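The values are calculated or read from the model by the stated rules, or taken from the named source; none is laboratory data. Computed from a predicted model, the values in this text were never measured in an experiment. Glycine gets a Cβ as well: all are built from the backbone with ideal geometry, and neighbour counts include every protein chain shown. Please note that ligands, DNA and RNA were not included when accessible areas were found on the heavy atoms of the full protein model with its side chains. Shrake-Rupley method; radii C 1.70, N 1.55, O 1.52, S 1.80 Å.
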Amino acid sequence: MDYYSSQITKLIEVLERLPGIGSKSAARLAFHLINMPEDQVEEIAETMVKTRRDIRYCKECCTLTDREICPICGNPERNHKEIMVVENTRDLAAYEKTGKYNGVYHVLQGAISPMLGIGPSDIRLKELMKRLEKDVDEVIIATNSSLEGETTAMYISKLIKPAGIKVTRIASGVPVGGDLEYIDQMTLLRALDGRVEL
Ligand code: ZN
């Protein structure tokens, strides 16, 4: 039943499409927007549309940016021979916030997940391999410590090692707020990865 006018109902419906927004939150946001000054609502809507339209992938590292080459790849002060591989731009931002890393990144825009049908060709691996044709000292694999992250890390290391490039994996303990259900599988994966030839 349409309690409100159909326009308000429509606004609530579209807001509900956002992650983490249920019907109650959507209704609260909708009424908040309706009560805001019109120019402020316009600013929100225009920023959303403009950002969605202008954002693209960096030609070098595949992170989301509004330029052809992102500010990190375009910075000559960074060590371009050290590439940290992360799953997404949010992870890149997390490492950047530490301010302790001076290399560059490669953003996979996902992780390998056989369960979800996401294979190596569905993430930005080809682009990474292309970058490794240049002079690279080290590839630091910093995918998440989830099953998908570990699978991706193993896949990449196997892909890169024959090229003779140093490959490292960030240490991972129990992820804070991470998927605890995956820890046993992670331990198994790690054990499998660390096996020695007899
Ligand atoms: Zn870049």
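Would you list, by chain and number, the lysines whose Cα falls below 26 Å from the Cα of Lys24, excluding same-chain residues fewer than 8 positions away?
List returned: Lys10.
Multiply the residue separation of Asp66 and Arg52 by 0.36 nm, subtract the distance between their alpha-carbon atoms, and state the gained length in nm to one decimal. Each step should come with its number before you reach the end.
On the way: separation 14, 0.36 × 14 = 5.04 nm, distance 0.98 nm.
Stretched fully, the Asp66-Arg52 segment lengthens by 4.1 nm.
Give the cross-link partners of Lys134 among the lysines, using a straight C-alpha distance below 21 Å as the criterion and excluding same-chain residues fewer than 8 apart.
Reachable lysines: Lys59, Lys81, Lys126, Lys158, Lys161, Lys166.
At a 1.4 Å probe, what is the % contribution of carbon and sulfur to the accessible area of region 1-124?
Values: 4600 of 8510 Å².
Exposed carbon and sulfur together represent 54 percent of the surface.
Rounded to the nearest whole Å², what accessible area per residue is found for region 12-90 with the 1.4 Å probe? Display every interim value, and only then the final one.
Numbers: 5610 Å² over 79 residues.
Each residue of region 12-90 exposes 71 Å² on average to a 1.4 Å probe.
With N denoting the number of residues in region 1-145, provide Rg(C-alpha) divided by 2.2 N^0.38 Å, to two decimal places.
Numbers: Rg = 20.2 Å, N = 145, 2.2 N^0.38 = 14.6 Å.
So the Cα radius of gyration is 1.39 times the expected 2.2 N^0.38 Å.
Just the accessible area for Asp137, please: 1.4 Å probe, Å², rounded to the nearest 10?
90
Can you give the accessible area of Glu148, probe radius 1.4 Å, in Å² rounded to 10?
Spelled out: Glu148, probe radius 1.4 Å, area about 40 Å².
Using packing as a proxy for protection, rank 11-24, 149-162 so that the peptide with the highest average count of other Cβ atoms within 10 Å comes first.
Peptide ranking by packing, descending: 149-162, 11-24.
On a full-extension model of 0.36 nm per residue, what is the gain between Asn35 and Thr9, subtracting their alpha-carbon distance, rounded to one decimal in nm?
On the way: separation 26, 0.36 × 26 = 9.36 nm, distance 1.54 nm.
My answer for the length gained is 7.8 nm.
With only alpha-carbon atoms counted, please give the Rg and Dmax of region 66-131, in Å.
Spelled out, the Cα radius of gyration and Dmax of region 66-131 are 12.9, 41 Å.
Set the Förster radius R0 to 25 Å, insert the Cβ-Cβ distance between Lys161 and Ile118 as r into 1/(1 + (r/R0)^6), and round the FRET efficiency to 0.05. Present the calculation step by step, with values, prior to reporting the outcome.
Values: r = 23 Å, r/R0 = 0.90.
It comes to 0.65.
As a test question: what accessible area, to the nearest 10 Å², does Lys134 have when a 1.4 Å probe is rolled over all protein chains in place?
Here the accessible area works out near 130 Å².
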